[in-house]
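The values are calculated or read from the model by the stated rules, or taken from the named source; none is laboratory data. From a predicted model like this one, the values you see are computed outputs, not experimental measurements. Surface areas here come from the heavy atoms of the whole protein model, side chains and all, with no ligands, DNA or RNA. Shrake-Rupley method; radii C 1.70, N 1.55, O 1.52, S 1.80 Å.
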Amino acid sequence: MSDLTAATADIDSRLEGHRVELTGYCYRMLGSAFEAEDAVQDTLVRAWRNFDKFEGRSSLRSWLYRIATNVCLDMLNAGNKRARPVDLSGPTPLAQAALNPLPENTWLEPMPDGRILPSVADPAEAAVARESVRLAFVAALQHLPPKQRAVLILREVLAWKAAEVAELLGTTVASVNSALQRARATLTEQQNSPADAADPLDEEQRKLLERYVAAFEGYDMAALTALLHEDAVMTMPPFDLWLQGHDDITGFMTSFGASCAGSRLIATSANGTPAFAHYKPNPDGPGFVPWAVQVIDIRDGAITGMHCFLDTPRWFPLFGLPDHLEAGAA
């Protein structure tokens, strides 16, 4: 291997080593799985092209975060703010339910844990990272102006010092502290009761999810009702409809969602929470076909959220999920 080839491979390796954490940062900033991956790719290409100008006055990690922040701020200048169905309207009574899709760029998107949560040894640090990619937290971030968003993520999630953030953003420590104070106030207004920690799942949570899978696959509405919090919500992007309460949720499942009877759920993880790949019976033959990625919220021993992302041609490849299950799949 020539010296030039070896040097290029070394640069590639050093840059690539930061991909997962940069993707997590860009995802929190943008609320979109695919925009986050595009932003990171743009960041790494810019870094590679300008590596000879990197003088080592800051760490490589800090330099990459500076580039990624600028990329995200440029993308956010377009003004798009992603949301969950619960952020856009009140719940729809079952009797008025209608499936109205909104454009893809309306919605906050799910993200596989493995693409945004780097392995860390410190359990407390890992817990903060997982909490900060929850759908509710990322949705709350969308209410912040872009620079406040960057300040809060860098200070509260990544534990950067105020002086480091000021240097990255080209501003003052006082300005950073002021932005952080305003961002905290906005988040306090936006966030509801947080879901329980689920890393790793404790015994009660594991059994709750086992009962959920059994109830859903058996399409046993009485069993499902027993697992749902009385204020549980069900969302189904790209549709703006969302339902609240076990009566409306189970009523929807046995009317609009009746074709999902006999489905199969395959465990995965998304946004720091338990998730399932939902396959429903193939209407055109044997086996099962993709229907949704379900992201599950748990609080106080009950399921409080079933967030069903239905655009499976986008989500299943992102999560590395098969596009078909055989009839005998367990």
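The value of relative contact order for the chain, using C-alpha pairs under 8 Å at least six residues apart, is 17 percent.
Sequentially through segment 106-118, phi angles give Karplus couplings (6.51, -1.76, 1.60; θ = phi - 60°) of 6, 9, 5, 10, x, 9, x, 4, x, 8, 10, 10, x Hz, Gly and Pro residues having no value and appearing as x.
Find how many whole Å separate the alpha carbon centroid of segment 101-158 from the alpha carbon centroid of segment 55-98. A separation of 9 Å, based on Cα centres. Compared with the dominant principal axis of the Cα atoms in the chain, helix 33-49 is inclined by about 20°.
Using a Gaussian network model of the chain in which every pair of alpha carbons under 10 angstrom is joined by a spring, one finds that among Thr106, Thr186, Thr268 the greatest mean-square fluctuation is at Thr186.
Solvent-accessible area assigned to carbon and sulfur over segment 1-102 amounts to 50 percent, based on a 1.4 Å probe.
Pair-distance distribution of the chain: all C-alpha pairs, bin width 20 Å, starting at 0; shares per bin in whole percent are 29, 54, 17, 1.
In summary, the lysines within cross-link reach of Lys161, defined as a Cα separation below 22 angstrom excluding same-chain residues under 8 places away, comprise Lys147.
Calculated accessible area for the chain comes out at 47 Å² per residue, all protein chains present (probe 1.4 Å; ligands, DNA, RNA ignored).
Overall form of segment 255-330: prolate. Here a/c, set by the Cα gyration tensor axes a ≥ b ≥ c, is 1.5 or more, and a/b is the larger of a/b and b/c.
Can you pull the Rg over Rh of segment 29-174, Cα-only, Kirkwood? Walk me through the numbers before you get to the answer.
Details: Rg = 17.5 Å, Rh = 17.1 Å.
Across segment 29-174, the Cα-based Rg/Rh ratio is 1.02.
Using a 1.4 Å probe over the heavy atoms of the protein chains, calculate the carbon and sulfur portion of the accessible area of segment 194-330 as a whole percent.
On the way: 3070 of 5690 Å².
Of all accessible area on segment 194-330, carbon and sulfur atoms account for 54 percent.
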